[in-house]
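Each reported figure results from applying straightforward, stated rules to the coordinates on display, with no laboratory input. Note that the structure is predicted; figures quoted are calculated from it, not measured. Please note: Cβ atoms are built from the backbone with ideal geometry, for glycine as well, and neighbour counts cover all protein chains shown.
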Amino acid sequence: MPEKHYLNATYGIRSWLLTTDHKRIALLYLASVTFFFFVGGFFAMMIRLHLLTPNGYLLTPDLYNRMFTMHGVTMVFFFLIPSIPAILGNFLIPIMIGAKDLAFPKINLLSWYIYVVGGLFTLWSMVNGGLDTGWTFYTPLSTVYSNSAVAPAVVGVFITGFSSILTGLNFLVTVHTMRAPGMTWFRLPLFVWAHYATSIVMILGTPVIAITLALAAMERLFGLGFFNPAMGGDPILFQHLFWFYSHPAVYIMILPAMGVISELIPTFARKRLFGYHFVAAASLAIAVIGFLVWTHHMFLTGQSTYAAVAFSFLTFIVAIPSAIKTFNWTATLFGGSISFDTPMLYAFGFLGLFMIGGLTGLFLGALGVDINIHDTYFVVAHFHYIMVGGAVMGYLGGLHFWWPKITGRMYPEWLARIAAFILFIGFNFTFFPQFILGIMGMPRRYHMYPPEFQIYNVMSTAGASILAIGYLLPMVYLTWAAFYGKVAGDNPWPATGLEWKTQSPPLTENFDVTPVVTWEAYDFHNRPDLQLDVPSGKGSPVVAPAHGDD
Amino acid sequence: MQSPLPTFPEQASNFAGDVDTLFSFILMTTLFFAVLVTVLIIFAAFKFRRRSEMEVGDDVHGNNVLEVGWTLIPTIIAIGIFAWGAAIYVNYRIAPKDTLDIYVIGKQWMWKLQQPNGRKEINELHVPLNRNVKLIMGSEDVIHDFYVPAFRVKMDVVPGRYNTMWFRPIKTGKYHFFCSQYCGTNHAVMGGWVTVMDPAEYAAWLSGESGDVNPVSAGERLFTQLACNTCHIANGTGRAPSLNGVFGANVLLADGSTVVANEAYIRESILQPKAKIVAGYLPVMPTFQGLVTEEQILNLTAYIKSLQTQPVPAKGGGIAPATAGKK
């Protein structure tokens, strides 16, 4: 372990709570985001336990409705949206571009405090009245009829939105202005491109949810009538405003995970990412087109048929850049030198599960099929495949990959591989039966259901208990490894990013000398510092026989 | 009939077969690509597994031909699926002209349905086989949704407006319907049964229960009670347009535009009379917001619909003669 690094540079609680070091702020986020993940996970456990029987044995209807609402609010706003950007993005982006910190270190710290305050606000409302409107807060149920703590919960989410906006701003300015000499745009790691695209969405979209929630809170508190038809308001207007942000929000959740995968696959196949420029462009395309599809959540609200047709078309278009990325990730594997370390297992898991999640979006985007499966468990399965099978796999893969950089120590490889398998199996058992439930006609958000749906509900709950183990194991061994794991060294994999040219854990200022970049991303062939067996000329490999030749 | 796809409900409406066929096509297409990519990944993971610790992969940047190919082909397939889905949907959103109209009110946490002759049902819907049925739906409180899995149809029920949906039952039987838009505490139990009957049985059932007032009579009574008849005089001499022949007609408005007088127009005219002023008339109608329930509006609408065939007075004001299409 290096003698001096960012973790031991200064001591005491004040040096953490008043830090402006992006790496320490990332760890502050890690602690708080993990806390909210467990809060959201607790609600999920209650949902699945309750749904074991068709007749609602465990919770009252009002309590169940609070469980699924608070599960959604916690996971979306306090786990998924911040997770990769605020933890891995904060930690890595400055180092990946050769900078000492983000452009606005104090605003970075402010972002974290805003997140915590918003989170505590919402948490307070969850234990003081709860929230039972669905995370989507549709009106007039949420603004007029619900008997739950809607206003404080919504204010908490409103506050946390500013954390997102400030983080996005920080990332954009940093990438534009603080790249090291030689770090041109097209030498950037795709992780950075992904966060650039994400930041655009954060900055443009989040203000809309802020204003929407502010209007909803005002309607609830002061009896105004924006969305209440009894006062001349329009409930569908709320849905347009809500989804204008909340659809792009799902791209805030997935783009960073895709950025992680774009780091993992080249690293563990020891090969450039196939089609780098196309993957970078696809990230931007997803961010932009993602703003043009929101009404696909509203195909059956009675809105204009023409509008529905237009939005369905755009929904199919937004799927294409994700497909392009998937093909490029797959093509990277061919001709590679592939190892199966834990991060790569998560990358493989991502590929399979994200593919299923994304493809099932085609069913929902097709108007004629959506008439049948809208608001059923098919939708629930679809978004969990992308959010959990995709985003969370990406998050965990990234956490494992960069754990040695963050802590200076390796996690236990075999235990981690087992945990990854448990997670993959548990996940599929939890959510695949939900596709079937949707096809059979089981609507969402039901505290009771007809008995013919029970078998798939039991399967789903059984899977969830396995999934829970898959999540608990990394929490335990990553924490253990941070203190007692094998010392990792600068570049254990080895990988090609600038972050791997620093010590593990890095110095507070990341680099003692600003690096000068002369190589492309993921270029294993022109990096003698990695000491790999690079074939020296055409047709004459230096050491090992050409792979794939057995 | 049984759906060709496993675990699907029966196909009991005209839409079910089409919806399932498109679903099957999407399933086969997505399965094909998913399996293809999965096989490629597993193949590559095996064939290109690392043989020695310091080995690297090939130095490949990409392939523009592949990029164009795997962009264009999915795009074409995607547009094809989109178009097919849009066709089914457009057909679903535009009801045919000759429908049996049933009024539906959703409220926390029950459904009130009314057959054309006034017979009311709660959480049950009886419909005749092989007739086009249109549901005209309103909500008394929050957003609900009427979903019949065996018919493969659903539509949100939104307060402050009417939403309509149509279907043609093709198989007798009893089928679940569910509320399919979260609406509060008892959302999950706000469902019931759709019963599809042979036309003769349906007719018999329809006339079975006595004592229910037919909505046209109820509407006519309300029309007098609420003093609508003092301005909307049938022979056109009142300060408001006669309502003979209005329903389904094109109405010329004071601002020069025209609007079709459908259920939504009638409802809006009752609740927000200043929204659309008929050409040649003054904006003097008071609003009945808060004075009439959704059910009463439906009854008034039924009465006004019954005036379609009444003679339109010569002094017709801004009302154009009814066009060929009635609704």
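Amide H contacts under 5 Å for A:ALA9: none, restricted to partners 5 or more places along the chain or on a different chain, H placed in the peptide plane at 1.01 Å from N. Pairwise Cα distances in the protein assembly as shown exceed 40 Å in 43 percent of cases.
List the equivalent ellipsoid semi-axes of region B:215-309 in whole Å, largest first, each obtained as the square root of 5λ for an eigenvalue λ of the Cα gyration tensor.
Semi-axes, largest first: 19, 14, 14 Å.
From other protein chains only, count the Cβ atoms within 10 Å of every residue's Cβ in A:320-331, then give the mean. Don't jump to the answer; show the numbers that get you there.
Numbers: counts 6, 1, 1, 9, 4, 0, 5, 9, 5, 2, 7, 8.
Per residue, the number of nearby Cβ atoms from other chains is 5 on average.
Taking one equal scatterer on every alpha-carbon of chain B, how large is log10 of I(q)/I(0) by Debye at q = 0.10, 0.15 1/Å? So the normalised log intensities work out to -0.72, -1.25.
In percent, rounded to a whole number, the relative contact order of chain B is 15, using alpha-carbon pairs under 8 Å and six or more apart.
Couplings for region A:411-421, taken from phi via the Karplus curve 6.51 cos²θ - 1.76 cosθ + 1.60 with θ = phi - 60°, read 7, x, 5, 5, 4, 5, 5, 4, 4, 4, 5 Hz in order; Gly and Pro are left as x.
Pairs of Lys residues in chain A are counted when their Cα atoms are under 13 angstrom apart and they lie 8 or more places apart or on different chains; the count is 5. The amide H of B:GLY173, built 1.01 Å from its N in the peptide plane, has B:VAL196 as neighbours under 5 Å, considering only residues 5 or more places off or on other chains.
Looking at region B:100-206 from every direction and averaging, what is the projected area of its Cα convex hull in nm²? Intermediate values should be presented prior to the final figure.
Working: hull surface 22.9 nm².
Orientation-averaged projected area of the Cα hull: 5.7 nm².
For a straight C-alpha distance cut-off of 28 angstrom, the lysines reachable from B:LYS171 (same-chain residues fewer than eight places away being disregarded) are B:LYS97, B:LYS112, B:LYS120, B:LYS134, B:LYS154, B:LYS327. In order along region B:33-43, phi translates into HN-Hα couplings of 5, 5, 5, 4, 5, 4, 4, 4, 5, 5, 4 Hz, rounded to whole numbers, per the Karplus curve 6.51 cos²θ - 1.76 cosθ + 1.60 with θ = phi - 60° and x for Gly and Pro.
Counting partner chain Cβ atoms within 10 Å of every residue's Cβ in B:39-47, what's the average? Walk me through the numbers on the way to the answer.
Working: counts 0, 5, 9, 3, 2, 10, 7, 2, 9.
Average neighbour count from other chains, rounded to a whole number: 5.
As a proxy for reagent exposure, B:TYR175, A:TYR64 were ordered by neighbouring Cβ count within 10 angstrom, fewest first; the result is B:TYR175, A:TYR64.
Are there any trypsin sites (Lys or Arg not before Pro) in region B:60-120 that are in a DSSP loop and have at most 14 other Cβ atoms within 10 Å? List them by number. Spell out each step's value before the answer.
On the way: sites: B:ARG93, B:LYS97, B:LYS107, B:LYS112, B:ARG119, B:LYS120; in loops: B:LYS97, B:ARG119.
For trypsin sites (Lys or Arg not before Pro) across region B:60-120 that sit outside H, G, I, E and B with at most 14 neighbouring Cβ atoms in 10 Å, the list reads B:LYS97.
Between amide H atoms placed 1.01 Å from N, distances below 5 Å from B:SER13 occur with B:ILE170, all of them 5 or more places distant or on a separate chain.
Which is the longest run of chain B containing none of the GluC sites (Glu not before Pro) found in DSSP loop states (not H, G, I, E, B) with at most 14 other C-beta atoms within 10 Å? Before the final figure, lay out the partial values.
Numbers: sites that count: B:GLU53, B:GLU209.
The longest uninterrupted stretch comes out as B:54-208.
Other protein chain C-beta atoms within 10 Å of residue C-beta, averaged over A:371-383: 4.
Considering the options B:ILE277, B:ALA254, B:CYS231, tell which one lies farthest towards the positive end of the dipole of chain B, charges being +1 on Lys and Arg and -1 on Asp and Glu at the Cβ, about the Cα centre. Looking along the dipole axis, the top candidate is B:CYS231.
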